[in-house]
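Take a look at the structure set out below.
All of the numbers you see were taken from the coordinates with simple rules; none came from a lab. Model, not experiment: these values are computed from the prediction.
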Amino acid sequence: AHMAVKGYTFFVTNDANALRLIERADQLGTSLDALKTLHFYEGIYLLFRNGAMQLADAKNLYRYLYYMTKRERDGNPAWGDFCGGMDKLYASIS
């Protein structure tokens, strides 16, 4: 409700429920279709690719947030695969 009332264009959170309400707005009928999400891993990638973060720092932060537990390793790509996938994604956008 807060997001819709304030008219945010972007909303950054690690709350899975809020992300689901935004990303599946059309399926759930939440009227949050105009909002866009920015995931923390996208920020890590952009800071690294734009030279604002060193490779070791970006890799360690990604590993800490997305690749530390066995469950995370089973569901998330390793750093090299992550960067390759993000490179392809952002190359297709620009």
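Observations
- The chain: calculated mean residue ellipticity at 222 nm from DSSP helix runs of at least 4, using -39500 (n - 2.57): -17500 deg cm²/dmol
- Among (1) 48; (2) 40; (3) 35, the entry that matches percent of Cα pairs over 20 Å apart as calculated here: (1)
- Helix runs (DSSP H) in the chain reaching 27 Å along axis by Cα, Kyte-Doolittle at least 1.6: none
- Over the chain, Cα pairs under 8 Å with separation of 6+ residues give a relative contact order of 18 percent.
- Residues whose amide H falls under 5 Å from that of Lys36, counting only those 5 or more places apart or on a different chain, are Phe10, Phe11, with hydrogens built in the peptide plane.
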